[in-house]
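To start, the structure under review is shown below, and the notes come after it.
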């Protein structure tokens, strides 16, 4: 059944995967002398020729290029959606909430960061009109948290931010954390309604690991950077335990210092990385990225006739977006190609 149901979409995904940038292409781009040259390089790649066509030379700043790259990501999602069956579209509809959360977070950063001018998301309007009830125009015009919340009225996000406003939790960190928490809780809760038992088991490898790793990152950030109490940390965590047992969560939250935190992490299923086994205290974000890259790569290869093939591709596409932005910013600031490639290896 899986082979018959997914043979068409798997073929489509494999064709799209062949257009993802390879390490040697990132190397070539990193060696270019300016952002204009890098943009021209991307324009010459099949996956980006259309979105980079007619690039405005006067707007080669990060925000503009990020919008173009995001448009490429949305177009890939649309291609997969059009090619999918009714059942596969149910999974993509659930995945789409990720894009809603990301655009809300982006607009919150703009507003709460006090940036000048009104963000322009007009190039995404058509895409969101097909899949979302968000009023992007109203969100872009919001000048403060109250107006932003009003623009989300009638959506699940509006209810969430209203509750946060009532509690005085309107800082960017609080908002982004709560939005991520909401998305992954919803994903975990709703997956059973749209996925069969075997499909759910396969995707739980990705979803469950991502939930565990998010909890690990949030525990570390809350302890080391925000100095929150154990009670405050527990309140922030996703109440799901996939491979990270509750007793290990307790030990991580209540660890006396970072050395003890990483010693406990080493004893979990996520502690098999070389640096941890060697007794080092690695970058927690880098550690999570490495593990997720391995997990998504493996599930996409091992279960091609399941929703994992869609989930894995969209993950890899988003990763490619981040790597392109890092490369362009490295070029902009005159970093050597070797240094840029070193930064990409950490993503």
| remark: Calculated from DSSP helices alone, with each H run of at least 4 adding -39500 (n - 2.57) and the total divided by the residues of the chain, [θ]222 nm to the nearest 500 comes to -22500 deg cm²/dmol
| Label-point gap, in nm, between residue 277 and residue 338 - each point 7 angstrom along Cα→Cβ | 2.8 nm
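In nm², what is the average projected area of the convex hull enclosing the Cα atoms of the chain? Present the calculation step by step, with values, prior to reporting the outcome.
On the way: hull surface 73.1 nm².
That works out to 18.3 nm², a quarter of the Cα hull's surface.
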| message | Principal axis extents for the range 196-306, Cα atoms only, whole Å, descending order, please. | response | 45, 31, 20
| note | So, with points 7 Å from each Cα along the Cβ direction, the residue 189-residue 325 label distance in nm works out to 2.8 nm
| task | Taking 7 Å along the Cα-to-C-beta vector as the label spot, tell me the residue 49-residue 79 distance in nanometres, rounded to one decimal. | result | 1.2 nm
| task | For the range 275-332, just say rounded, prolate or oblate: build the C-alpha gyration tensor, square-root its eigenvalues into a ≥ b ≥ c, call rounded for a/c under 1.5, and beyond that prolate if a/b exceeds b/c, oblate if not. | result | oblate
| task | Please list the equivalent ellipsoid semi-axes of the range 1-133, computed as the square roots of five times the alpha-carbon gyration tensor eigenvalues, in descending order and whole angstrom. | result | 29, 23, 12
| field | Contour excess over end-to-end distance, with Cα ends at residue 25 and residue 232 and 0.36 nm allotted per residue | value | 70.0 nm
| remark: Expected unfolding gain across residue 109-residue 153 under the 0.36 nm per residue rule, minus the alpha-carbon gap, is 13.9 nm
| said: If you average the alpha carbon positions of the range 51-105 and of the range 228-293, how far apart do those two centres end up, in angstrom? | reply: 32 Å
| query | With r defined as the distance between the Cβ atoms of residue 57 and residue 302 and R0 fixed at 56 Å, what FRET efficiency is calculated, to the nearest 0.05? | reply | 0.80
| request: Could you pull out which residues in the range 267-294 have an amide N less than 14 Å from a spot 7 Å beyond the Cα of residue 259, following the Cα-Cβ vector? | output: 279-281
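Each reported figure results from applying straightforward, stated rules to the coordinates on display, with no laboratory input. Just so we're clear, the structure is a prediction, and the values are computed from it rather than from any experiment. Here the Cβ is made from the backbone with ideal geometry for all residues, glycine too, and neighbour counts use every protein chain on show.
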